[in-house]
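Taken together, the values in this text are just the output of simple stated rules run on the coordinates, not laboratory data. Bear in mind the structure is a predicted one, so any value in this text is a computation, not a measurement. Virtual Cβ from ideal backbone geometry, glycine too; neighbours counted across all protein chains shown.
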């Protein structure tokens, strides 16, 4: 639900960044989105169009790198990949997984001119 | 013009990123590395709020739940019971109307209503301005009643000491599994409306099992804002949290 406000905030930040870094157009934006970031990739894509309209990123390509959710089982100690936060350890089927990756929501880089 | 957050200024920066390269105007395309959280601006403002609160020794709690869980009634009853003991004020977040702030003021506490319009959550920017305007006294408690929503408030740090999630027994007992992000972000869960347990199908043990699967150290207090059942434990929690509130 907050994907549109995230995208609008990102564009505002990038408009400000453009002056400092000396670019006028953004051709591509790369985001890293973790599976546990609480953000829907499809909703981000959907919001990207309206959010960039009339901005220096209008027409830009949005590339989303999805980061898997990973962690360590509290019981068996295995390093595992999980699909959701509440899932028990896929290795032993029991333990609680301490999450170490997959909550990212990062603006990685831009292709600009 | 806002002096703390820079709104109204054209030079908002991406916090924490050194702007040391990329200034030279080169023709053609180039890549600019940012490695910056999309929530960086909100997080930076939240850190400012947290510092502002710590300087005044104020405990701020971010109350999150679905609409209709009884947040406002819970606050009314908390204010009434702590009157004369702990100064308390409330920031109310709703899409529309000031009805909740009116109820809080009627209960005897200063309140400020934020209307988010289309927005589905409060953010640190709104709360920063609300704190300035509300100007709560040092050593007091500020309750931030977030927009009723179990999704978005999980992602937006407001600068609070802790998130408190309210779940009522008229909702599904599997809410913690359906909305894990919010339950994972909360320190305390208040299980509200327990006076209705005889009339609804709600398995408390199962619900708590789900909640602890998401966050094993989640504290849980069952209560009823309507009858006052369980309130002593909640008020004691609040007083302990206030004693432990960060001070700068």
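Return the percentage of antiparallel bridges among DSSP beta bridges fully within the protein assembly as shown, rounded to the nearest 5 %. Could you put the intermediate results ahead of the total?
Values: 21 of 57 bridges.
The antiparallel fraction comes to roughly 35 percent.
If all Cα-Cα distances of chain A are sorted into 10 Å bins from 0 onward, what percent lands in each bin, rounded to whole numbers?
Here the calculated profile for chain A is 15, 37, 23, 16, 9, 1.
Taking the beta-carbon count within 10 Å as an exposure proxy, list A:67, A:29 from fewest neighbours to most.
Working: A:67 18, A:29 24.
Ranked by crowding around the Cβ, least crowded first: A:67, A:29.
Taking the number of other C-beta atoms within 10 Å as the exposure measure, put B:126, A:7 in order starting with the fewest.
Working: B:126 20, A:7 25.
If I rank by nearby Cβ atoms, fewest first, I get B:126, A:7.
Using Cα springs under 10 Å in a Gaussian network model of chain B, which residue among B:138, B:130, B:236 shows the largest mean-square fluctuation?
Residue with maximal mean-square fluctuation among B:138, B:130, B:236: B:236.
How high is the relative contact order of segment B:143-228, given as a whole-number percent (alpha carbon pairs under 8 Å, six or more residues apart)?
Values: 116 pairs, mean separation 27.5, N = 86.
It comes to 32 percent, rounded to a whole number.
Kindly provide the Kirkwood hydrodynamic radius of segment B:148-219 in Å, to one decimal, from all pairs of distinct alpha carbon atoms.
Values: mean 1/r = 0.0800 Å⁻¹.
Here the Kirkwood hydrodynamic radius works out to 12.5 Å.
Tell me, what is the percent relative contact order of chain B, built from C-alpha pairs under 8 Å that lie six or more residues apart?
Details: 445 pairs, mean separation 56.5, N = 248.
RCO, chain B: 23 percent.
For the pair residue A:65/residue A:46, report the inter-label distance in nm, with labels modelled 7 Å from Cα in the Cβ direction.
Taking the simple label geometry, residue A:65 and residue A:46 are separated by 2.6 nm.
Could you tell me the calculated FRET efficiency between residue B:31 and residue B:95, based on Cβ-Cβ distance and R0 = 51 angstrom, to the nearest 0.05?
Details: r = 40 Å, r/R0 = 0.78.
Efficiency at R0 = 51 Å is approximately 0.80.
On the principal axes of its Cα set, how long, how wide and how thick is segment B:40-242? Give whole Å, largest value first.
44, 39, 32
Pick out which of B:215, B:30, B:50 has the largest mean-square fluctuation in a Gaussian network model of chain B, springs linking Cα atoms closer than 10 Å.
Looking only at B:215, B:30, B:50, the largest GNM fluctuation is found for B:30.
Would you mind calculating the gained length between residue B:174 and residue B:106 on full extension (0.36 nm times residue separation, minus the Cα-Cα distance), in nm to one decimal?
Numbers: separation 68, 0.36 × 68 = 24.48 nm, distance 3.47 nm.
Separation in residues times 0.36 nm, less the Cα-Cα distance, equals 21.0 nm.
What number, in percent, do you get for the relative contact order of chain A if the mean sequence gap of Cα pairs under 8 Å and at least 6 apart is divided by its residue count?
Across chain A, relative contact order equals 35 percent.
What is segment A:1-63 by shape, rounded, prolate or oblate, if you read a ≥ b ≥ c off the alpha carbon gyration tensor as root eigenvalues and call it rounded for a/c under 1.5, prolate for a/b larger than b/c, and oblate otherwise?
Values: a/c = 1.95, a/b = 1.77, b/c = 1.10.
Prolate.
What residue among B:238, B:188, B:34 shows peak mean-square fluctuation when chain B is described by a Gaussian network model with Cα springs under 10 Å?
B:34
Dividing the Cα convex hull volume of the protein assembly as shown by residue count, how many Å³ per residue is that?
Details: hull volume 55.3 nm³, N = 361.
Normalising the Cα hull of the protein assembly as shown by residue number yields 153 Å³.
Between residue A:92 and residue B:80, what is the label-to-label distance in nm when each label sits 7 Å out along the Cα-to-Cβ direction?
4.9 nm
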